[in-house]
Amino acid sequence: LTMGKKKHAAVAPALREREGILQPIRDRLRDLVDEDAAAFDAVMDAYALPASAPERAAGIADGYARATRVPLEVMRLCLAALEHGEAIAREGTEGALSDAAVGALTLMTGLTGAAYNVRINLAELRDEALRAEAGQALADLPDQRHRNEYGEQGRQQDCPATRRGIGSKLHDSFSTVS
């Protein structure tokens, strides 16, 4: 809706650049869906071993580590994509605002789900460095609502999707409809 339009010719190079950044993020997020399922399966497979099996404890620990690293990556990618999506919403055509808003909501849902997975796995992590990294990632979430839900404290920041960007621009466009 924006690309190839004379009106948006000045922002087309920046939008193409963002597209080049966002495409690999989208591809990686798709791959992480399968990796997340495999990581959780590894945890369940380890629990299925007899309690006396020597490899059980290590399998559980390794599985939880994988089941934490994957959603940590999802969180980071969703946050990165939200930043670019906000800029695209500002620079693109008004007709694509609903697409930008749905994209932001989808990314926020992915971020929230990944954060829940990280939070639930914290108690099971035996790797103290990973536990600290995961706890810090939760504390650093840019949305106060996420920190409150997880009982974490972090820096005071605004969420990229709620700053004067996608949400407010979309809201403004609907307020002008009579």
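The values are calculated or read from the model by the stated rules, or taken from the named source; none is laboratory data. Since this is a predicted model, take the numbers as computed values, not measurements. Quick reminder, even Gly has a Cβ in these numbers, built from the backbone with ideal geometry, and neighbours come from all protein chains shown. Keep in mind that these areas ignore ligands, DNA and RNA; they rest on the heavy atoms of the full protein, side chains included. Shrake-Rupley method; radii C 1.70, N 1.55, O 1.52, S 1.80 Å.
Of note:
- Under the combined filter of DSSP loop state and at most 14 neighbouring Cβ atoms within 10 Å, the stretch 43-120 retains none of its trypsin sites (Lys or Arg not before Pro).
- The order of Y47, Y116, Y64 by accessible area, most exposed first and with a 1.4 Å probe, is Y116, Y47, Y64.
- When T68, T112 are compared by accessible surface with a 1.4 Å probe, the order from highest to lowest is T112, T68.
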